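The values are calculated or read from the model by the stated rules, or taken from the named source; none is laboratory data. What you see is a predicted model; the values in this text were computed from it and never measured. Reconstructed Cβ throughout: ideal geometry from the backbone, glycine too, with neighbour counts over all protein chains shown. Just so you know, the surface numbers come from the protein's heavy atoms only, side chains and all, with ligands and any DNA or RNA stripped out. Shrake-Rupley method; radii C 1.70, N 1.55, O 1.52, S 1.80 Å.
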Amino acid sequence: MIHIAETVGVGSIENFLSADERAHLSELMNDVLITEEAVRFGNGRRTSIHEIPGHSAEQAMAVYEPAGRIEIPTIPEAADKLLGDAFERARPALSRVMPSITLCRPWTYVEYRVGQHITSHLDGIAPDPLAWPRQIAGISVVITQADSGGDFYVETASSDRLWNGQAPDAAANGYADGMWLAHDGADNSATWFQQLPRTRWSAAPSPGTALLYGSQLAHGTLPVTAGRVAKFISWLVAEPTDAG
């Protein structure tokens, strides 16, 4: 059974990646950016992992990443294996915080330069909170930290406006009693979300630490003011079990 705490909670896994693993990942991704046309992952990119119903990819990018970013949704096989091995190592720690998680989606590499950031948003329990499998949390691990700025944050809110209502027939749909589902469209394309009172909590994890954040928790990053941030992000998924 998925508990609401898993979808609005936060956690960390220190030493998710070692210094040697971070260095190797950095080399792998630098090779991609050098050997391929780097502009197609940055200023020349016309696609995004973020979507807004009724909006084009370019419009979604303008909402989520108004100053742009580098985004590589298909990473080298060696990088994917290294991160997959790290996820498997972290399962015991992960299961204490988010016990419903069964797998990790493919990883995406992102990079923020000076002035770049990601705006506040909820990922939501995707692709459908009443279908399986369902994404219930995000995971982010920095391999290169900015000289200043670029911090990750989450935002909490007590307003009823954030919530669509309780999950229908919670137990039959794999949820614990008292499960609530957030409204769709919780991003800066919606006036109601822009105006929603929220409290921001910033994090400054050491490189190699994995941050976990529930899919019904608003999050984003601050603009980089010096240097660059390089990180990998993915989403953690729950699959049906005999109990739910």
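Counting only helices (runs of 4 or more DSSP H) wholly contained in region 1-97, the ones carrying 2 or more residues that are open to solvent by 40 Å² or more (accessible area, probe 1.4 Å) and either closer than 17 Å to PHE232 by Cβ or free of Cβ contacts under 8 Å to residues at least 40 places away in the same chain (or both) occupy 19-35, 57-64, 77-97.
Output the residue which, of all residues in region 189-207 that are in a loop (DSSP other than H, G, I, E, B) and surrounded by 10 or more Cβ atoms within 10 Å (Cβ to Cβ), is modelled with the lowest pLDDT. My answer is ALA204. Annotation note: of LEU236, LEU211, the sole residue that is open to solvent by 10 Å² or more (accessible area, probe 1.4 Å), closer than 18 Å to TRP107 by Cα and assigned to a strand (DSSP E or B) is LEU211.
Remark: ALA167 falls outside the filter, which requires a residue to be under 25 Å from GLU21 (Cα atoms), without any contact (Cβ under 8 Å) to a residue 60 or more places away in the chain and out of contact with any Lys or Arg (no Cβ under 8 Å at 6 or more places or on another chain). Note on region 215-233: residues that are in contact with a helix residue (DSSP H, G or I) (Cβ under 7 Å, 6 or more places away or on another chain) and either open to solvent by 10 Å² or more (accessible area, probe 1.4 Å) or not in a strand (DSSP E or B) (or both) amount to 3. Restricted to region 110-133, and to residues there that are in a strand (DSSP E or B) and under 14 Å from the mean Cα position of the chain (by Cα), the residue that is modelled with the lowest pLDDT is ALA126. Of all residues in region 166-181, one or more are modelled with pLDDT under 95, part of a helix (DSSP H, G or I), open to solvent by 10 Å² or more (accessible area, probe 1.4 Å) and aliphatic (A, V, I, L, M).
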